[in-house]
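Q: Okay, handing you the structure first.
The values are calculated or read from the model by the stated rules, or taken from the named source; none is laboratory data. As the structure is a prediction and not an experimental result, all values here were calculated from the model. All Cβ positions, even for glycine, are placed from backbone atoms using ideal geometry, and neighbour counts span all protein chains on display.
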Amino acid sequence: MRLRSGLTAGVLTGAAATAMAVVATRDFRLRQRTVPVLRDPAVGPLRILHLSDLHLRPSHRRLPEWLRGLRGLQPNLVVVTGDIIGHPGAIDAAYRALSPFLDVPGIVVGGSHDYFPPDWHNPVRYLTEGPSRRAHDGPEMPWRDLRDRVQETGWAWPINDWVECEVAGHAVRAFGTDDAHIDRDDCTMLQQPPTGQLAILQLGVTHAPYRRVLDALTQAHCELILAGHTHGGQVCWPDGSAIVANCDVPLNLARGLGTYLTPEGQRSWLHVSAGLGTSPFTPVRVFCAPEATLLTVI
Ligand SMILES: [Fe+2]
């Protein structure tokens, strides 16, 4: 009898934990971190709002509403590291979600889900077979419509290229790569940085934090690299650490702020966002709440 009641309690506890984990897909959190990275700390601080992996669908209401509430953070710069849309009909939803921030400078890079519709594959394969591989030669999503609309407001959408922005009256330079997860990254232009104003900060912006991209950005003196893609592991250990990263970034850097070290010993700060959404085929987050991050750069 005692065994049965213990078993029942265990099952109920497990079910409650699972339910809480599933609910966590809508339990949006704001993470805040400080990064000492400005080339001239006297001009800081700057507030960078990092959004990633929204995976928006036309029916999504709660996430755009939650994002509107972040406007009060008064960011100086917004960086969006890809997988903004998860459905070809989500361009309007994505524009609405970003609209509270379009009057401040912004930088966007694309992720594979912006380019191609989500496809079903067994999520267990992430655990057993390493990073997912997906076909990327089919019809593309209408991501160019979103790019054109945000660019009209002054946001930048670099594709394997440099951009320069004025942020709170200071020059910030960024190299934005295309998505390394589908082999669209090309860092050739990294060797040709703009020769304009002296920047107070040089960012690397990328979707999937593959080491070849992190190495190239770090070697080009991008002091702070922002990325997404990993979903922080999405299904994590109870302490929140990632089991898989769906790319070759070290697991301890699959979520949050850390230091990236190249094989030659060069360092950069790396912030990997756990993102705000999921693929419609894997709508579960376990010990890994969806998040946006406010980085205070000093
Ligand atoms: Fe994603």
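Q: Which one of the conditions (1) within 16 Å of the ligand (Cβ to nearest atom); (2) at pLDDT below 95; (3) within 28 Å of residue 163 (Cβ to Cβ); (4) in contact with a Ser or Thr (Cβ under 9 Å, 6 or more places away or on another chain) does residue 121 fail to meet, given that it meets all the rest?
A: (3)
Q: In region 96-118, which residue that is assigned to a helix (DSSP H, G or I), of a type outside the set (A, V, I, L, M, F, W, C) and buried (at least 24 other Cβ atoms within 10 Å of the Cβ) is nearest to the ligand (Cβ to nearest atom)?
A: Here the answer is 113.
Q: If you don't mind, another one. Which one is surrounded by the fewest Cβ atoms within 10 Å (Cβ to Cβ) among residues in region 196-239 that are touching a Cys at 6+ places or on another chain (Cβ under 8 Å) and closer than 15 Å to residue 38 by Cβ?
A: Across region 196-239, the extreme among qualifying residues is 202.
Q: From the list 48, 85, pick out the single residue that is of a type in the set (A, V, I, L, M, F, W, C) and closer than 20 Å to residue 105 by Cβ.
A: 48
Q: Continuing with the same structure: Filter region 179-195 down to the residues that are surrounded by fewer than 23 Cβ atoms within 10 Å (Cβ to Cβ) and either closer than 18 Å to residue 164 by Cα or touching an Asp or Glu at 6+ places or on another chain (Cβ under 9 Å) (or both) and list them by number.
A: Within region 179-195, 184, 185, 186, 187, 188, 189, 190, 191, 192, 193, 194, 195 qualify.
Q: Right, another one. Among residues belonging to region 53-74 that are in contact with a strand residue (DSSP E or B) (Cβ under 9 Å, 6 or more places away or on another chain) and part of a loop (DSSP other than H, G, I, E, B), point out the one that is farthest from the ligand (Cβ to nearest atom).
A: Among those that are in contact with a strand residue (DSSP E or B) (Cβ under 9 Å, 6 or more places away or on another chain) and part of a loop (DSSP other than H, G, I, E, B), it is 74.
Q: How about region 246-273: which of its residues are within 16 Å of the ligand (Cβ to nearest atom), part of a loop (DSSP other than H, G, I, E, B) and either among the charged types (D, E, K, R) or touching a residue at least 60 places away in the same chain (Cβ under 8 Å) (or both)?
A: 246, 247, 255, 273
Q: While we're here: Would region 264-272 turn up any residue that is under 30 Å from residue 43 (Cβ atoms), within 13 Å of the chain's Cα centre (by Cα) and of a type in the set (Lys, Arg)?
A: For region 264-272, residues under 30 Å from residue 43 (Cβ atoms), within 13 Å of the chain's Cα centre (by Cα) and of a type in the set (Lys, Arg): absent.
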